[in-house]
Amino acid sequence: MEKCALVLGLINVKGGVGKTTISSNISHILSVAGYKVLHIDLDPQGSSSELLKAQSKSGNQLSKDDIMNLDTFKLLSQPVSIQDYIFETRYENLHIIPNARGVESTYTLGTFDTRIAMLNYPNKYLAFYQNINQIRNQYDYIIIDGQPGMNEMMKVSIIASDYVVSPAAPDLYNLHTVDDTCNVIDLCNRDYGRDTEYLGFFLNNIPDLKDSAYLSVRDFYKESAKEYFIDNPIRFSKAINKSSLNNFLWLEYAMDYCISFPNPCKDLLRLIDKELGLFKEKKAVLLEKGIKEIYFD
Ligand SMILES: Nc1ncnc2c1ncn2[C@@H]1O[C@H](COP(=O)(O)OP(=O)(O)O)[C@@H](O)[C@H]1O
Ligand SMILES: [Mg+2]
């Protein structure tokens, strides 16, 4: 049966909330489950390209030059052959459109906004969506690691996404993010004929699920953010946050080192399964691979 990828954008106007970490881990977990996944790294730090170990056809780590040669601005604003932007990763079933530090000078700091404003191409805001449509039949899931900021790139990413979800910091300042994201999505749907849906936000980096400060933040959002609050916290893991372990994918960390799965991994598996509903028939594959021990315990 021909595939028709679902495009999920991890988007939050705020930085440092876990977009890169969580989108990369979602892409990896779905690929381990047996889905064909394309991860699109729009974060100008290129961290998910490092984390997922983007590689060239010959199997070498992708160099910054390889990535710099890709015209990311064009991919996001004009028709291109998107196949030319897709690379393998060290992982089976997982492809990537990479990014790298330094590429950002061509399209951030206002320049993406300026360049797209000046671009004389009528369908420029739909181009990324249309470029992605070329390869929807090759993947089950396309995951976008969004770039922070309320800017034109956010618009382009939203238009390209079928669903948007936001990781958020466990503080009381997320209602504005919800408002802003909903407004942009509504405008994009209206102006570009899309039907992108906002799934809402979940809290990341929770040190202790029983902590009273966390519980009051949770109760506040249950009451105020209503259907946009996804009550599936992702715990903070000190072990993961230590710099030497920062470069591990959460599933790999436990599978390769035969140690217990980190809490954030269990929480993310639950989110993907119960809240986002992405495992579908492939849940059985994860169970066979021993993921049962950690998630269904
Ligand atoms: N649940 C977590 N436990 C521990 N560290 C985390 C967790 N989520 C994110 N981090 C760390 O927080 C930092 C910022 O996360 P990142 O994914 O880069 O955010 P963003 O992409 O939104 O800017 C990174 O160092 C990452 O490893
Ligand atoms: Mg990021």
| message | Among the residues in the stretch 94-106, are any at pLDDT below 85, away from ligand 1 (no atom under 16 Å from the Cβ), within 21 Å of Q147 (Cβ to Cβ) and in a loop (DSSP other than H, G, I, E, B)? | response | yes
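Restricting attention to the stretch 224-248, which residues are away from ligand 1 (no atom under 11 Å from the Cβ), modelled with pLDDT of 75 or more and at negative phi?
Quick first cut of the stretch 224-248, residues away from ligand 1 (no atom under 11 Å from the Cβ) only: 224-232, 244.
Checking which are modelled with pLDDT of 75 or more leaves us with 224-232.
Correct list: S224, A225, E227, Y228, F229, I230, D231, N232.
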| query | Given the conditions (1) within 16 Å of ligand 2 (Cβ to nearest atom); (2) within 29 Å of I206 (Cα to Cα); (3) not hydroxyl-bearing (S, T, Y), and given that L30 satisfies all but one, which numbered condition is not satisfied? | reply | (1)
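Look at the stretch 194-235 and say how many of its residues are hydrophobic (A, V, I, L, M, F, W, C), open to solvent by 60 Å² or more (accessible area, probe 1.4 Å) and part of a loop (DSSP other than H, G, I, E, B). Walk me through how you get there before you give the answer.
To start, the set of residues in the stretch 194-235 that are hydrophobic (A, V, I, L, M, F, W, C) comprises 199, 201-203, 206, 209, 213, 215, 217, 220, 225, 229-230, 234.
Among the residues that remain, those that are also open to solvent by 60 Å² or more (accessible area, probe 1.4 Å) are: 209, 220.
Among the residues that remain, those that are also part of a loop (DSSP other than H, G, I, E, B) are: 209.
Of the residues in that region, 1 qualify.
Could you say whether any residue in the stretch 165-181 is touching a Cys at 6+ places or on another chain (Cβ under 6 Å) and either modelled with pLDDT under 95 or under 20 Å from Q83 (Cα atoms) (or both)? So that I can check it myself, show each step before the final result.
At the first step, the residues of the stretch 165-181 found to be touching a Cys at 6+ places or on another chain (Cβ under 6 Å) are none.
No, the stretch 165-181 contains no residue that is touching a Cys at 6+ places or on another chain (Cβ under 6 Å) and either modelled with pLDDT under 95 or under 20 Å from Q83 (Cα atoms) (or both).
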| query | Of the residues that make up the stretch 7-25, is at least one touching a residue at least 24 places away in the same chain (Cβ under 8 Å), open to solvent by 10 Å² or more (accessible area, probe 1.4 Å) and away from ligand 1 (no atom under 12 Å from the Cβ)? | reply | no
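For the stretch 30-49, which positions are within 14 Å of ligand 1 (Cβ to nearest atom) and buried (at least 24 other Cβ atoms within 10 Å of the Cβ)? It would help to see each step written out before you state the result.
Looking only at the stretch 30-49, we keep the residues that are within 14 Å of ligand 1 (Cβ to nearest atom), and these are 39-49.
H39, I40, D41, L42, S48, S49 - these are the residues of the stretch 30-49 that are within 14 Å of ligand 1 (Cβ to nearest atom) and buried (at least 24 other Cβ atoms within 10 Å of the Cβ).
Residues checked against (1) closer than 25 Å to N25 by Cα; (2) in contact (Cβ under 8 Å) with a residue 24 or more places away in the chain; (3) acidic (D, E):
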| residue | (1), (2), (3) |
| --- | --- |
| T181 | yes, yes, no |
| Y192 | no, yes, no |
| F220 | no, yes, no |
| A225 | no, yes, no |
| Y228 | yes, yes, no |
| D231 | yes, yes, yes |
| request: Could you grab me the full set of residues in the stretch 165-183 that are touching a helix residue (DSSP H, G or I) at 6+ places or on another chain (Cβ under 6 Å) and either open to solvent by less than 20 Å² (accessible area, probe 1.4 Å) or under 21 Å from T114 (Cα atoms) (or both)? | output: P167, V178
| Does any residue of the stretch 201-223 turn out to be at pLDDT 95 or above, under 30 Å from T111 (Cβ atoms), touching a Phe, Trp or Tyr at 6+ places or on another chain (Cβ under 9 Å) and not basic (K, R)? | yes
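Residue-by-condition table, conditions (1) within 13 Å of ligand 2 (Cβ to nearest atom); (2) of a type in the set (F, W, Y); (3) open to solvent by less than 10 Å² (accessible area, probe 1.4 Å); (4) more than 17 Å from the chain's Cα centre (by Cα):
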| position | (1), (2), (3), (4) |
| --- | --- |
| A5 | no, no, yes, no |
| L51 | yes, no, no, no |
| L62 | no, no, no, yes |
| D66 | no, no, no, yes |
| P79 | no, no, no, yes |
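Look at M150 and say whether it is loosely packed, with under 15 Cβ neighbours inside 10 Å and more than 16 Å from ligand 1 (Cβ to nearest atom).
Numbers: loosely packed, with under 15 Cβ neighbours inside 10 Å: yes; more than 16 Å from ligand 1 (Cβ to nearest atom): no.
No: the conditions fail for M150.
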| message | Scan the stretch 131-147 and tell me whether some residue there is over 26 Å from L278 (Cα atoms) and either open to solvent by less than 10 Å² (accessible area, probe 1.4 Å) or more than 16 Å from ligand 1 (Cβ to nearest atom) (or both). | response | no
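The values are calculated or read from the model by the stated rules, or taken from the named source; none is laboratory data. Note that the structure is a prediction, hence the values are computed from the model and not measured. Methodologically, a virtual Cβ is constructed for each residue, glycine included, from the backbone with ideal geometry; neighbour enumeration extends over all protein chains shown. Note: areas computed on protein heavy atoms with side chains; ligands, DNA, RNA excluded. Shrake-Rupley method; radii C 1.70, N 1.55, O 1.52, S 1.80 Å.
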